[in-house]
2 protein chains.
Amino acid sequence: MVTLAEVAQHAGVSASTVSYVLSGKRSISATTRQRVEQSIRELGYHPNAGARALASSRSNIIALMIPLRTDMYVPVMMEIAVAVATTARTHGYDILLLTGEEGPDAVRRVTGSGLADAMILMDVELDDERLPLLRRSGQPSVLIGLPADTSGLTCVDLDWGATGALCLEHLAGLGHRDIAVIGEAPAVYERHTGFAERTLGGLRTRARELGLRVLHRPCEGGYDAMAVTLARIFDERPGTTGFVVQNESAVEPLLALLRQQGRAVPEDVSVLAICPDQVAVQASVRLTSVAVPAQEMGRHAVEQLVAKLDGRGTDDVVLIAPELTVRASTGPAPTP
Amino acid sequence: MVTLAEVAQHAGVSASTVSYVLSGKRSISATTRQRVEQSIRELGYHPNAGARALASSRSNIIALMIPLRTDMYVPVMMEIAVAVATTARTHGYDILLLTGEEGPDAVRRVTGSGLADAMILMDVELDDERLPLLRRSGQPSVLIGLPADTSGLTCVDLDWGATGALCLEHLAGLGHRDIAVIGEAPAVYERHTGFAERTLGGLRTRARELGLRVLHRPCEGGYDAMAVTLARIFDERPGTTGFVVQNESAVEPLLALLRQQGRAVPEDVSVLAICPDQVAVQASVRLTSVAVPAQEMGRHAVEQLVAKLDGRGTDDVVLIAPELTVRASTGPAPTP
DNA sequence: ATACTGCGTCGAAGCGCTTCGACGCACCGT
DNA sequence: ACGGTGCGTCGAAGCGCTTCGACGCAGTAT
């Protein structure tokens, strides 16, 4: 294991000089710098992370708390995580992976031990139990998702309310009057996860304004659950011609069931999904969709955090405007 | 920020005593221990990770390298990652998330800096460029996946060869003679990812032994790609009655297409998937499947690693035996 | 010439913890 | 009574780095 001192000796300078070459915090003559850099390369030196963290009280690590539940849209989580990790690297940070399992304790542990310089929280509930701790600790952090009370917090999220509204506008514009909303699994609503409730709020408000009828049904993913849900929907509202689907794992089952019942998409019913573009184009019908900008959210969260850590702080809520892409799954409502 | 010294003072003992209470490396009288623990609680003390790492040259962090590609089965990756993270926590380790992006450099960086005590590599290619480095560095590590040369390495994986064989035995037992294999995306084979090639090897070998005809076709996920692939298969082998699907994102499209063509599952054709159980039970037909034991692999990898770090080392290849669960998507071959 | 300014470099003091050797003390056997 | 043996505790020496003040030496202004 090569140390700073060895590099210094090899280059014929003091340890502090090597340190300053590395950090650039004081000016170093070009010749010295080159000599030091040469030594670093020759010896294959890598600064020791622990020592660095101790001396500078900066670990260059960002903690990312992802939910360990599997009842929510996994690919989105994964995409966010990967975007976070790669963006963090471009700023010199590594990612520490925390699962939701530990809950608030993880926040305590990480803030207390100086393991990470900052945190990103995913799967935020409206009244999340981690938030009081977070506010109190003064740990720089960004939430992906929006709690009920955002005071003193930085958040990044898709504007789910606007997303809901946008979905309804599109369907209303096509003449649909009776809309069914296939939501996330019931557990997601029971936890009061922000995005699910906000989407619903947006849908309902705009429905009222536009004079549409909306029937919302939570739904576990999968074929069987979807079959039951769909039967109930047509039972209660036989005139339903528009679907908004928020639960990705219900999309393909829904399409299969509609097909099986002889209802053509988009001639008889329109289906509008809220999902990443990749899913929308891979489905058995190319889906009109509002994209969940997973990558953008992850990238944004890291950049906010890095800004904070650099003192260019911004305690702010950033809502990403939804974008709807028309594909082949929505069309004019059938004339009765 | 509370330090060890403050705890020591508060409890009226020396710093080393507190340290020994924490680590249990020397015996401490019950009364002193209690006093110290009390002080720790009252002051809300958390050991500083950097200082600890520096003094002990142990970071209690395990690095996990996940692929950042999205052409492979994402839920499996996610499940492994979560299993790794939670298992690691039960042993007192945290997980550092590295994306494949950095490649071999990440190995260098982590080993060099002492950031992590050990590494877990996923998405291992048969001739993976990270392996020479890993062997040379002497960094404790476990691979999830099997390279061509496993000497000096510890690996955990599903026995993909046996998995392929098992699939064919099941279909052969039901009387199927012409089998089509829907594989992963072409890029996966081009990279020589171990699991894909080994599965194929197992399939082909057993096919020869059992006198079956096997047609293997790589396939990008999604409906359109599957449609093309399926058309070609029936074109080339009209008598195909059995399908083995390894690419999860091709499963649902395949089922939809078969349905659409009027081929009933399992009456006309049988479909056997290699996928996690959850996917198998959520599909539009409950799928007979060989499970990908993602959780088990993740758990196992961590446990191997912890054993190594504790000096109970075992340089070994652990192959998990495949298990086939019969559900509703396979049945006797139709009599012509 | 003198005083001043800045640049480039060095030395030393920590950062908070682990760990090793040493020490004091009670308790044992003889 | 005595040396021996553990057990429980302490002090001190680092671990490898960052960072602050200081210092020497130009170059510039007076």
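Rundown of residues vs (1) assigned to a loop (DSSP other than H, G, I, E, B); (2) within 19 Å of B:D178 (Cα to Cα), yes/no style:
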position: B:F243; (1), (2): no, yes
position: B:A256; (1), (2): no, no
position: B:A264; (1), (2): yes, yes
position: B:L272; (1), (2): no, yes
position: B:S284; (1), (2): yes, no
position: B:R312; (1), (2): yes, no
position: B:L319; (1), (2): no, no
position: B:S329; (1), (2): yes, yes
position: B:P334; (1), (2): yes, yes
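From the list B:V74, B:V107, B:V84, which one is touching a residue at least 60 places away in the same chain (Cβ under 8 Å) and not small (G, A, S)? Break it down into steps so the answer makes sense when it comes.
On the way: B:V74 fails: touching a residue at least 60 places away in the same chain (Cβ under 8 Å); B:V107 fails: touching a residue at least 60 places away in the same chain (Cβ under 8 Å).
Among B:V74, B:V107, B:V84, only B:V84 is touching a residue at least 60 places away in the same chain (Cβ under 8 Å) and not small (G, A, S).
Sort through B:R58, B:R69, B:R89, B:R52 and tell me the only one that's within 11 Å of chain A (Cβ to nearest Cβ), at pLDDT 95 or above and assigned to a loop (DSSP other than H, G, I, E, B). Before the answer, list the steps.
Values: B:R69 fails: at pLDDT 95 or above; B:R89 fails: assigned to a loop (DSSP other than H, G, I, E, B); B:R52 fails: assigned to a loop (DSSP other than H, G, I, E, B).
Going through B:R58, B:R69, B:R89, B:R52 in turn, just one is within 11 Å of chain A (Cβ to nearest Cβ), at pLDDT 95 or above and assigned to a loop (DSSP other than H, G, I, E, B): B:R58.
Looking at region B:297-336, which of its residues are open to solvent by 80 Å² or more (accessible area, probe 1.4 Å) and small (G, A, S)?
none
Could you tell me whether any residue of region A:95-113 is open to solvent by less than 10 Å² (accessible area, probe 1.4 Å), farther than 23 Å from B:T87 by Cα and away from chain B (no Cβ under 11 Å)?
No, region A:95-113 contains no residue that is open to solvent by less than 10 Å² (accessible area, probe 1.4 Å), farther than 23 Å from B:T87 by Cα and away from chain B (no Cβ under 11 Å).
Any idea which of (1) among the aliphatic types (A, V, I, L, M); (2) out of contact with any His (no Cβ under 8 Å at 6 or more places or on another chain); (3) more than 16 Å from DNA strand C (Cβ to nearest atom) is the one B:A53 doesn't satisfy?
The single condition B:A53 does not satisfy is (3).
Any chance you could count how many residues in region B:225-260 are within 11 Å of chain A (Cβ to nearest Cβ) and β-branched (V, I, T)?
1
For region A:127-169, enumerate the residues that are touching a His at 6+ places or on another chain (Cβ under 8 Å) and either among the aromatic types (F, W, Y) or surrounded by 22 or more Cβ atoms within 10 Å (Cβ to Cβ) (or both).
Of all residues in region A:127-169, those touching a His at 6+ places or on another chain (Cβ under 8 Å) come to A:127, A:156.
Residue satisfying the conditions is A:V156 alone.
What is the residue count in region A:203-218 for residues that are open to solvent by 30 Å² or more (accessible area, probe 1.4 Å) and either within 16 Å of A:L174 (Cα to Cα) or not polar (S, T, N, Q) (or both)? Full working, then the answer.
Here is the first cut: in region A:203-218, the ones open to solvent by 30 Å² or more (accessible area, probe 1.4 Å) are A:204-206, A:208-211, A:213-214, A:217-218.
In the following step, the residues that additionally are either within 16 Å of A:L174 (Cα to Cα) or not polar (S, T, N, Q) (or both) were identified as A:204, A:206, A:208-211, A:213-214, A:217-218.
Number of matching residues: 10.
Considering each residue of region A:87-100, count those that are in contact (Cβ under 8 Å) with a residue 40 or more places away in the chain and small (G, A, S), and give that number.
Start the filter on region A:87-100 by keeping residues that are in contact (Cβ under 8 Å) with a residue 40 or more places away in the chain, which leaves A:87-88, A:91, A:93.
Subsequent filtering for residues that are small (G, A, S) retains A:88.
Qualifying residue count, region A:87-100: 1.
Restricting to region B:255-307, name every residue that is at pLDDT 95 or above and in contact with a Lys or Arg (Cβ under 8 Å, 6 or more places away or on another chain).
Of everything in region B:255-307, those that are at pLDDT 95 or above and in contact with a Lys or Arg (Cβ under 8 Å, 6 or more places away or on another chain) turn out to be B:V269, B:L287, B:T288, B:S289.
Filter region B:286-297 for residues that are part of a loop (DSSP other than H, G, I, E, B) and in contact with a strand residue (DSSP E or B) (Cβ under 8 Å, 6 or more places away or on another chain) and give the result. Full working, then the answer.
Just the residues of region B:286-297 that are part of a loop (DSSP other than H, G, I, E, B), to begin with: B:286-287, B:291-293.
Within region B:286-297, B:L287, B:A291, B:V292, B:P293 meet the criteria.
When both residues are 6+ apart or on different chains and their Cβ atoms are under 6 Å apart, which pairs have a first residue that lies in region B:1-17 and is more than 19 Å from A:S57 (Cβ to Cβ), and a second that is of a type in the set (S, T, N, Q)?
Matching pairs, first to second residue: B:A8/B:S14; B:H10/B:S39; B:A11/B:S39.
Results for (1) of a type outside the set (F, W, Y); (2) on the phi > 0 side of the Ramachandran plot, shown as yes or no for each residue.
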{"position": "B:Y20", "(1), (2)": "no, no"}
{"position": "B:G24", "(1), (2)": "yes, yes"}
{"position": "B:S29", "(1), (2)": "yes, no"}
{"position": "B:V36", "(1), (2)": "yes, no"}
{"position": "B:R41", "(1), (2)": "yes, no"}
{"position": "B:H46", "(1), (2)": "yes, no"}
{"position": "B:R52", "(1), (2)": "yes, no"}
{"position": "B:A55", "(1), (2)": "yes, no"}
{"position": "B:I62", "(1), (2)": "yes, no"}
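Within region B:170-177, is even one residue in contact with a helix residue (DSSP H, G or I) (Cβ under 8 Å, 6 or more places away or on another chain), more than 25 Å from B:L215 (Cα to Cα) and open to solvent by less than 30 Å² (accessible area, probe 1.4 Å)? Write out each step before concluding.
Start the filter on region B:170-177 by keeping residues that are in contact with a helix residue (DSSP H, G or I) (Cβ under 8 Å, 6 or more places away or on another chain), which leaves B:172.
Those still in the list that are more than 25 Å from B:L215 (Cα to Cα) too: none.
No, there is no match, as no residue in region B:170-177 is in contact with a helix residue (DSSP H, G or I) (Cβ under 8 Å, 6 or more places away or on another chain), more than 25 Å from B:L215 (Cα to Cα) and open to solvent by less than 30 Å² (accessible area, probe 1.4 Å).
Looking only at region A:207-235, which residues are outside any strand (DSSP E or B) and hydrophobic (A, V, I, L, M, F, W, C)? Let's see the steps before the verdict.
To start, the set of residues in region A:207-235 that are outside any strand (DSSP E or B) comprises A:207-212, A:218-235.
Within region A:207-235, A:A207, A:L210, A:L212, A:C219, A:A225, A:M226, A:A227, A:V228, A:L230, A:A231, A:I233, A:F234 meet the criteria.
So, in region B:1-16, how many residues would count as being buried (at least 17 other Cβ atoms within 10 Å of the Cβ) and near DNA strand C (Cβ under 8 Å from one of its atoms)? Can you show your working first?
The first filter runs over region B:1-16 and keeps only residues buried (at least 17 other Cβ atoms within 10 Å of the Cβ), leaving B:2, B:4, B:7-8, B:10-11, B:13.
Narrowing the set further to residues that are near DNA strand C (Cβ under 8 Å from one of its atoms) leaves B:2, B:4, B:7.
Residues that pass the stated criteria total 3.
How many residues, within region A:31-42, are more than 7 Å from DNA strand C (Cβ to nearest atom) and open to solvent by less than 60 Å² (accessible area, probe 1.4 Å)?
3
Taking B:Q278 as the residue in question, decide whether it is open to solvent by 10 Å² or more (accessible area, probe 1.4 Å) and within 30 Å of B:V318 (Cβ to Cβ).
On the way: open to solvent by 10 Å² or more (accessible area, probe 1.4 Å): yes; within 30 Å of B:V318 (Cβ to Cβ): yes.
So B:Q278 passes the test.
Pick out, from region B:4-44, the helices (runs of 4 or more DSSP H) lying fully within it that include 3 or more residues that are among the aromatic types (F, W, Y), within 11 Å of DNA strand D (Cβ to nearest atom) and within 14 Å of chain A (Cβ to nearest Cβ).
Numbers: elements: B:4-11, B:15-23, B:30-43.
Here the list is empty.
Identify all residues within region B:219-248 that are out of contact with any Asp or Glu (no Cβ under 8 Å at 6 or more places or on another chain) and buried (at least 18 other Cβ atoms within 10 Å of the Cβ); write none if there are none.
Applying the first criterion (out of contact with any Asp or Glu (no Cβ under 8 Å at 6 or more places or on another chain)) to region B:219-248 yields B:222-236, B:238, B:243-245, B:248.
Passing the criteria: B:G222, B:Y223, B:A225, B:M226, B:T229, B:L230, B:I233, B:F243, B:V244, B:V245, B:E248.
Quick grid of which residues meet (1) of a type outside the set (A, V, I, L, M); (2) under 30 Å from B:P332 (Cβ atoms):
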| position | (1), (2) |
| --- | --- |
| B:D123 | yes, no |
| B:L134 | no, no |
| B:P140 | yes, no |
| B:L143 | no, no |
| B:A162 | no, yes |
| B:L168 | no, yes |
| B:G222 | yes, no |
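Out of all the residues in region B:60-78, is one or more within 22 Å of A:S137 (Cβ to Cβ) and more than 9 Å from DNA strand C (Cβ to nearest atom)? Can you show your working first?
First pass over region B:60-78, keeping only residues within 22 Å of A:S137 (Cβ to Cβ): B:60-61.
When the remaining residues are screened for being more than 9 Å from DNA strand C (Cβ to nearest atom), the result is B:60-61.
Yes, the conditions are met somewhere in region B:60-78.
Can you tell me which residue is farthest from DNA strand C (Cβ to nearest atom) among those in region B:17-30 that are under 39 Å from the mean Cα position of the chain (by Cα) and surrounded by 15 or more Cβ atoms within 10 Å (Cβ to Cβ)? Steps first, please.
If we filter region B:17-30 for residues that are under 39 Å from the mean Cα position of the chain (by Cα), which is where we start, we get B:19-26.
Keeping just the survivors that are surrounded by 15 or more Cβ atoms within 10 Å (Cβ to Cβ) gives B:19-22.
On the way: B:S19: 3, B:Y20: 6, B:V21: 9, B:L22: 5 Å.
By that ranking, first place goes to B:V21.
The values are calculated or read from the model by the stated rules, or taken from the named source; none is laboratory data. Predicted, not measured: the structure shown is a model, and the values here were computed from it. Virtual Cβ from ideal backbone geometry, glycine too; neighbours counted across all protein chains shown. Just so you know, the surface numbers come from the protein's heavy atoms only, side chains and all, with ligands and any DNA or RNA stripped out. Shrake-Rupley method; radii C 1.70, N 1.55, O 1.52, S 1.80 Å.
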